[in-house]
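To start, the structure itself, in structure tokens.
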Amino acid sequence: MILNSFWESLEGSAFSSAIASSEWMFPTIETLHVIAIVSVVGAIIIMDLRLLGLTSRNRLVTAIARDTLPLTWIAFACAVITGLLLFVSKATSYMINPYFLFKMGLLALAGLNMAFFHFVTWKTVAEWDGSVAVIPTAAKLAGLGSLIFWALIVLCGRIIGFTLGIYH
Amino acid sequence: MASIGDWLFEMTDWLRTTSVVEFSLWISDQPFCIWLQSNFFAIPVFQALHILAIAVLFGSTLLLNLRILGLSGMDQSMTDRFARYQPWIWGGLLALVASGTVLIISEPVRNMVNPIFWMKMGALLVTIAVSLWFQSAVRARVDNWEVSADGHAAIRTGAVALIVLWCVVITGGRWIAYAPV
């Protein structure tokens with residue numbers, strides 16, 4: 001693949017080598033990545049369970065969105081930054097790892113699911129905000145899909161830890 | 001950094017002289033441990049469940065404690081906020097301990113003959129003790145939260161401490177894999 005040399009040069013940069021060769025940098029960034037992911041997923045689960053009508057039934061969907069969205073975006077930004085730092089240190093190993101590619105695909109699906117919910121389903125939120133009984137199927141499916149995508153993203157992340165470096 | 005590494009190395013050496021070794025080797029021979037180790041996806045699946053459990057626990061802790069600190073959801077009463085998140089904190093802890101027990105069984109020697117694992121367990125016990133105090137202190141004042149501010153300073157300190165303590169526990173979990181042996 002023509003891109004191979006790009007990932008190789010990225011991995012070979014002084015910055016990437018510093019992370020890869022340091023005893024403590026990679027695990028420290030990993031730790032921050034885990035704390036960020038736990039925060040993102042924790043906040044998203046709260047919103048998803050509300051969309052499914054299972055929790056926070058006495059609080060408006062729009063209120064739960066206000067409660068969780070700032071945390072979701074701040075923690076997601078931290079997860080992306082730390083994730084990129086981990087990625088550049090071993091870029092070629094990640095790019096040939098199928099579970100890393102699954103994880104990126106699942107992230108894209110989670111993003112598309114959220115975009116559809118935000119730009120289409122959310123337009124009518126005023127009609128179903130107050131009552132759990134009238135949550136539209138589209139909103140429930142968005143919540144269910146989000147739970148499944150994020151659980152699989154976490155699982156792929158863990159499998160990468162066991163398979164990085166075994167593909168050539 | 002080198003001195004911390006040396007100290008951890010000495011602690012591992014000391015653990016090797018204790019009965020923790022026989023105990024972890026005994027677990028290694030149990031059928032459930034052998035089953036976990038012979039299925040490639042078993043350990044990552046339980047690790048993912050462990051991470052989802054801490055996500056539920058930590059997410060609920062953040063939403064409750066940020067409300068206590070006045071940083072989120074000020075339009076919701078403390079009574080409602082507490083009722084929504086406190087049960088999920090204990091439920092998350094239960095799932096965390098259950099999945100964590102499976103993970104200990106899955107790699108008993110790597111986990112238990114490991115000083116970082118025992119430091120994590122110590123941090124976990126401290127965190128649970130603080131959580132028990134915190135829950136009863138909040139519960140006692142939750143219905144009069146907006147009326148009377150008695151004891152709020154201690155509860156606010158506890159709210160910050162619990163967020164930090166859970167991050168310490170998570171850090172311990174990640175570093176189990178990097179203990180010098």
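The values are calculated or read from the model by the stated rules, or taken from the named source; none is laboratory data. All values derive from a computational prediction rather than experimental measurement. Quick reminder, even Gly has a Cβ in these numbers, built from the backbone with ideal geometry, and neighbours come from all protein chains shown. Note: accessible area is taken over every heavy atom of the protein model, side chains too, but ligands, DNA and RNA are not part of it. Shrake-Rupley method; radii C 1.70, N 1.55, O 1.52, S 1.80 Å.
Per-structure values
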| quantity | calculated |
| --- | --- |
| Computed magnitude of the charge dipole of segment B:9-81 (debye, nearest 20; Cβ of K, R +1, Cβ of D, E -1) | 240 |
| Net charge over other residues, Cβ less than 14 angstrom from the Cβ of B:THR79 (K, R count +1; D, E count -1) | +2 |
| Å² per residue, accessible surface of chain A at 1.4 Å | 50 |
| Additional length obtainable on full extension of the chain from A:SER5 to A:LEU60, 0.36 nm per residue less Cα span | 14.7 nm |
| Prolate/oblate/rounded label for segment B:17-100 (Cα gyration tensor, a/c 1.5) | prolate |
| Solvent-accessible surface (1.4 angstrom probe) belonging to B:GLU22, in square angstrom, nearest 10 | 120 |
| Gyration tensor verdict on chain B (Cα atoms; rounded if a/c is under 1.5, prolate if a/b is larger than b/c, oblate otherwise) | prolate |
| Cα shape, the protein assembly as shown, gyration tensor, a/c 1.5 rule | oblate |
| Computed label-point distance, nm, for sites B:ASN39 and B:ASP143 using a 7 Å Cα→Cβ extension | 4.8 |
| Label-point separation, B:THR79 to B:LEU25 (7 Å along Cα→Cβ), nm | 6.0 |
| Rounded percent of accessible protein surface that carbon and sulfur make up, segment A:55-168, 1.4 Å probe | 75 |
| Distance in nm between pseudo-label sites at A:PHE116 and B:LEU94 (7 Å out along the Cβ direction from Cα) | 3.4 |
| Cα point-scatterer Debye curve for segment A:1-132, base-10 log of I(q)/I(0) at q = 0.11, 0.16 Å⁻¹ | -0.54, -0.89 |
| Cα centroid separation, segment A:86-116 to segment B:124-167 (Å) | 38 |
| Loop-resident sites, segment B:1-103, for chymotrypsin sites (Phe, Trp or Tyr not before Pro), counting at most 13 other Cβ within 10 Å (DSSP) | B:PHE40, B:PHE41 |
| Helical contribution to [θ] at 222 nm, DSSP H n ≥ 4, -39,500 (n - 2.57), averaged over the protein assembly as shown, rounded to 500 | -26500 deg cm²/dmol |
| Using θ = phi - 60° and Karplus 6.51 cos²θ - 1.76 cosθ + 1.60, couplings along segment B:45-59 (whole Hz; Gly, Pro as x) | 5, 5, 5, 5, 4, 4, 5, 5, 5, 5, 5, 4, 5, 6, x |
| For segment B:16-50 and segment A:1-78, distance of Cα centres in Å | 29 |
| For B:CYS33, net neighbour charge (Lys/Arg +1, Asp/Glu -1) across residues whose Cβ lies under 14 Å away | -1 |
| Options B:CYS33, B:GLN135, A:ALA126, ranked by Cα towards positive dipole end of the protein assembly as shown, top entry (Cβ charges) | A:ALA126 |
| GNM flexibility winner over chain A from A:THR72, A:THR31, A:THR124 (Cα, springs under 10 Å) | A:THR124 |
| Environment charge of B:THR12, counting only residues whose C-beta is closer than 13 Å and scoring Lys/Arg +1, Asp/Glu -1 | -1 |
| Within the accessible area of segment B:4-121 (1.4 Å probe), percent carbon and sulfur | 72 |
| Contour minus Cα-Cα distance for A:ILE81 and A:HIS168 (0.36 nm per residue) | 28.7 nm |
